[in-house]
1. Give the relative contact order (percent, whole number) for chain C; include only Cα pairs under 8 Å separated by 6+ residues.
2. Do any chymotrypsin sites (Phe, Trp or Tyr not before Pro) in the stretch C:2-69 lie in a loop, going by DSSP, with at most 16 other beta-carbon atoms within 10 Å of their beta carbon, and if so which?
3. Compute the longest continuous run of chain A that contains no exposed trypsin sites (Lys or Arg not before Pro); treat a site as exposed when its DSSP state is not H, G, I, E or B and it has at most 13 other Cβ atoms within 10 Å.
4. Return the lysines within reach of B:K272: Cα separation strictly under 23 angstrom, same-chain partners fewer than 8 residues apart disregarded; answer none if there are no such residues.
5. Which far-off residues, 5 or more places away or on another chain, put their amide H under 5 Å from the one on A:F86, with H placed in the peptide plane?
6. Convex hull over the Cα atoms of chain B, averaged projected area in nm²?
7. Between the stretch C:131-151 and the stretch B:386-412, how many Å separate their Cα centres?
8. Going through the cross-link list C:K454/C:K486; C:K391/C:K465; C:K416/C:K470; C:K409/C:K465, which pairs have a Cα-Cα distance over 19 Å in this structure?
Amino acid sequence: MDTSTVKKVASLARLRVKEEEITTIAQELQAILGLVDQLAKVKIDNTAPMTTPSAGKTPLRPDAIEANASRVQILENAPQSEEGFFVVPKVVE
Amino acid sequence: MHSDLSSFSATAGLQELRNGSFTPSEWLESFVARIEACGELNLYISDTTETARESATQALSRYQDKTARPLEGLPIAIKDIFCTKAIRTTAGSKFLSNFVPPYESTVTARLQEAGAIVLGKTNLDEFAMGSSTEHSAFGATHNPWSHPDKPLVPGGSSGGSAAAVAARAAPVALGTDTGGSVRQPASFCGVMGFKPTYGRLSRHGVIAYASSLDQPGIFARSLADVELLYRTAAGHDPLDSTSAVCSVDAASSPLPNLSGVKIGVPREYHTKDLDGEIESVWQQGAETLRQLGAEVEEISLPHTEAALAAYYVIAPAEASSNLARYDGVRYGLRAEGDHKSLDAMYEASRSLGFGKEVQRRILIGTYVLSAGYYDAYYNRARRVRALVAQDFAKAFERVDYVLAPATPSAAFPLGAEATADPTWMYQQDIFTVPVSLAGLPALSLPAQLNKAGLPLGLQLIAPAFGERELFAAAALFNEALDFKAVPPGLVASGANR
Amino acid sequence: MTWRIQGASGAWEAVMGLEVHAQILTVSKLFSSAACAFGAEANAQVNLLDAALPGTLPVCNDHAVTQAVRTALALSATVHETSVFERKNYFYADLPLGYQISQYQQPLATEGELEVEGEDGTRRIGIERLHMEQDAGKSVHDMHDSASFVDLNRAGVPLMEIVSCPDLRGPKEAASYLRRLRALLRTLGTCDGNMNEGSLRCDINLSVRRVGDTELGTRTETKNVNSVRFVVQAIEREAARQVAVLEEGGVIVQETRLFDPNKGESRSMRSKEEAHDYRYFPDPDLLPLVLRAEWIEQQRASLPELPQARARRFEETFGLAPSAAWLLSEEPDNAEYFEALICGGRDPVRCANWLVTNLFSALNESGIEIADSPVSPDELGVLLDLVEQDKLSGRQAKEVFEEMWQGGKSATEIVKARGLEQISDADTLRAAVELALNDNPEQVEDFLSGRNEKVAGWFVGQVMKATGGKANPQLANRLVQEALAKRKS
Ligand SMILES: [Mg+2]
Ligand SMILES: [Zn+2]
């Protein structure tokens, strides 16, 4: 795991890594990958991947409106809101 | 009036409430006092004493009206990862330090509907990521078994809950177990820790770490308490698509002995890091089971080591996605400042709000899912997960339960992790993670103290949805283990009934 | 003729596929029980899950599944008994979870087709896949200088993404594809097809190559093309742009372009193009979507008559021209109106012509949906019957229809009130003819002498004038001819 990979991954994850910490982070992540690299040694043959221990199928709910949460509830924890909207720094498309 | 009501187990205490030996308020105050006395252990992030006192008063009138519900007046501690309506819920993160959920999790709702009273929200590793409760934005929790000059960790991530039950700052507590986060701290703190089959307890309202692994769990000092809470909270929840549909069976009935029961001891759990004292506790546990009439035989779980690798791919992968919602837009922390762009705001807020370990796991999780690495890591890990589940399935064709240590060592000193590489801590999960990957029920029981006077735990693992049988066997085993020790400073009253 | 772009160095062809996002018609969202209705105030139709509150979990809407399955079946696609919801991870202000729940490796349905009317006649366009996913919220950028405003009402609204194969070759085909897909969705009732409200949105994947080349060129994706007219416009512009770039020796950059309906142009979305890596993986909060084969067959068996089949039936059974047959089949309400009008034995071709020429233009002009037409099929039928019985001329019928359109009165009432009823009584008209002949001996002489045979028409005009335009023109003509012939002998 090199520092440019760390930067790329951090940017994908929207995390800011300090320049002076990148090397340390790269080493830590490399250590984790060292542990994880045991996966490569396992004979997996045709084993189908397992996503969840739950057997069966996803349940379906009837198409009904239960209750919209109130606007107050939706906005009450928001760091910034105005006129019923969440407010974020300007997005330039 | 009893001098120390905090020593009563949930079951015993509820019986006394029904008998009228003491009132819900009196029982509550004994815990409030304990919480206060244990302040330096940093067990709770938030306490809810005021509302608890009101609830205790109402509980008394229900007893007087004869409308008391099964858990009427039972104080419970809740890991601060369960959303509790109108009560701040932080997940141990700076990011959520001011988050007040407008809704209640299913599990905490069911317990409260049965009459339980919330004592407070306990400390944890941030977003349940850790095995020491040191990774909390609200400071580390100390193990009640610590020497005054040498603080120990309570384990994690549900360390606050485990330590609170051990320190009698709660009779019972809720935790969550993703890769061992109930069973490991239970073992470090000398209490029982139970993780049900994946899907038994609803995840609705539980702040997610890794969705396919997260499962609410229970801490208690008596097996009857574990079963009581489990049976009250379990059962299908239409709000959780992964909630098991099959119904929770009737309470377990006591067995006379374990004759005809087969116990498997996995060969691969004799790892190089396994502490010698734990090795011998494990052997003695097997011997105890034999004396109870069980047949004990060696089994093989060949993908044990690979399971840890698979876990540290799958859990961070899911976490990296589950934690993407923390962006400072709708709730939680937003970094101050004039952000040049939306992305700049995201990066500033997330880097400020998340601790190091969380950031590390998000980075690893993002990496293993990203283009070019997906097959080598994430897909391969899911295949290994299937093999781990198959290992257990094969084992359970031959045996009824698996007996294993809960942890490779006793509680370690606070700050130990800082000196080692991050994977040192990950290795602590070697005995708990395979069970989580397979989604099986497992119970961690305190077995003995080591030479240093610290508790050591053993795990009894059952097939999926085998809770009833697990409780029946564990009752005899627990009785035979006869663990009565209490943390220094507490009096071993006969009240751990 | 196949569509060609004439470049300086020769002819080029375009290869296109459309990705259509259609809002599935449901009352609640795909994974939450919040409402989906259009036009609510900001953040008024949001549940805790839609705002991605910690601890909330998705539960799938069964009607959304049924609707998507019916659409897939109507497109002759294979519906898979097992499909999987995955997370598409990316950060955006109106994407509360930080991922979109979509289907990726195992979509609901694959391998369908849709017949279109194209540059070279009828062609079958392949449908690569149909999958379900959540919509995102909406960011409003023009409410503030330095801030964007986020409304989550749309967040979590169920969508079907319908992806065509790169089979389209021209703007006419693409327009037909979109029109026919919309007709299909509306007939099924699985999407209201309302492009203004964003219920149906279209992205165009387009590349060009020299005529005769078989390899595909680099494609661009033009997003946000939300009307049939704009699809034509966007295709023409983008194909021309690519040809120009290539002819100048440039290369096409694989990019996403954003269509600006005001300018009729697209521009590169360079700012968002950096390193997309969606890190799809199965959503561990949901289990696989599993459908029973018998249930899928039940859905197939209960599909309504689809627009194309209906158009074919109108052509074959009623002898309608293909264009009229399609116009009347495209919208379920059109077909319903037409079939109500012809029931009771009215001539289908005449009825169809009347609808296409008169009713549809009236609807267009006033911007009214046929379902809300002020003239019902029964009322219109009465009017057409009067024409059929020679009681009204075509021109009169139009006048009457216009008054009926204004509302309130029936055809019979208007005819009576205006005294419009056509005179088809032969005796009355014969008297009028005699009068006209007697009053104009010169013109009669012109006819008899053979100097001007066309004068007969002039006499019909006189009769019309004398009857205030009410004479049945065919009858008047016959009687004039008879009367003149009688004088000749
Ligand atoms: Mg697209
Ligand atoms: Zn899409």
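1. Relative contact order comes out at 13 percent.
2. Values: sites: C:W3, C:W12, C:F31, C:F38; in loops: C:W3, C:F31, C:F38.
Answer in residue order: C:F38.
3. Values: sites that count: A:K18, A:K43.
Here the longest run is A:44-93.
4. Of all the lysines, those that pass the test against B:K272 - Cα under 23 Å, at least 8 places apart if same chain - are A:K41, A:K43, B:K451.
5. C:V150
6. Values: hull surface 91.1 nm².
Approximately 22.8 nm², given one-decimal rounding.
7. 49
8. Working: C:K454/C:K486 17 Å; C:K391/C:K465 17 Å; C:K416/C:K470 12 Å; C:K409/C:K465 27 Å.
Listed pairs above 19 Å: C:K409/C:K465.
Values quoted throughout were computed directly from the atomic coordinates according to the rules given, and no laboratory measurement underlies them. Model, not experiment: these values are computed from the prediction. Because the Cβ atoms are built from the backbone with ideal geometry, glycine has one as well, and the counts that use them run over all protein chains shown.
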